[in-house]
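Structure record follows, encoded as structure tokens.
The values are calculated or read from the model by the stated rules, or taken from the named source; none is laboratory data. Everything quoted here is computed from the prediction, not taken from an experiment. A quick note on method: Cβ atoms are made from the backbone with ideal geometry, for glycine too, and the neighbour counts reach across all protein chains shown.
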Amino acid sequence: MIWVAGSIMVLCALVGVGLVIFALPGIWFMTACSAAIALWCPELLTWRAVAVLLVISLVSEVVDFIASAAGVKKLGGSRAGAIGSLVGTIVGAIVGTPVFPVLGTIVGGIVGAGAGAFICERTIAQRTWKDSARSSGGAIMGRAVSIAVKLALAITAAAFVIGALFL
């Protein structure tokens, strides 16, 4: 039974990393799977390991939530631009996914963050074209950093949970 549970957890960890690539909650998926495995086979995975994954999940969400908005704000954008970057990220990822799965999701989210920030800066905040473009660039950089950090955290979480299975 331990081998079955361990194999399922390894599969969940790998799927979780894949989900992050698609801008889906892969780290949360790993955390939920690890909690289920800890309930099913407590001798295989400890609750301490589940708690570590929970912390990694929370950190990834905080980074994901604030990165684009912080990029906008860092380059002088308004609150409207920051909110636009968050909405644009979601819309861009949704639009980009069917066009070119995986890469379309990533590129769509990045472009969407920039477009959302630009549109909101220009229309709601009534900034100049130049200021709107600057804020848009900040949103693009912030979103790119967010994706890289979240993927790194997903790989870290997967390596941690797979390692925890064997310790």
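Annotation: LEU53 fulfils all but one of (1) closer than 27 Å to ILE162 by Cα; (2) touching a helix residue (DSSP H, G or I) at 6+ places or on another chain (Cβ under 9 Å); (3) modelled with pLDDT under 90; the unmet one is (3). Here is the figure for region 22-51: residues that are in a helix (DSSP H, G or I) and either surrounded by fewer than 18 Cβ atoms within 10 Å (Cβ to Cβ) or free of Cβ contacts under 8 Å to residues at least 24 places away in the same chain (or both) total 11. When region 16-32 is filtered for residues that are under 16 Å from THR156 (Cβ atoms) and among the hydrophobic types (A, V, I, L, M, F, W, C), the ones remaining, listed by number, are VAL17, LEU19, VAL20, ILE21, ILE27, TRP28, PHE29, MET30. VAL10 fulfils the conditions (1) surrounded by fewer than 21 Cβ atoms within 10 Å (Cβ to Cβ); (2) of a type in the set (A, V, I, L, M); (3) outside any helix (DSSP H, G or I) except for a single criterion, (3).
This table checks each residue for (1) modelled with pLDDT of 90 or more; (2) small (Gly, Ala, Ser).
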residue	(1), (2)
THR97	no, no
ALA125	no, yes
SER132	no, yes
GLY163	yes, yes
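Among the residues of region 56-77, those identified as out of contact with any helix residue (DSSP H, G or I) (no Cβ under 6 Å at 6 or more places or on another chain) and over 14 Å from ALA113 (Cβ atoms) are LEU58, VAL59, GLU61, VAL62, GLY76.
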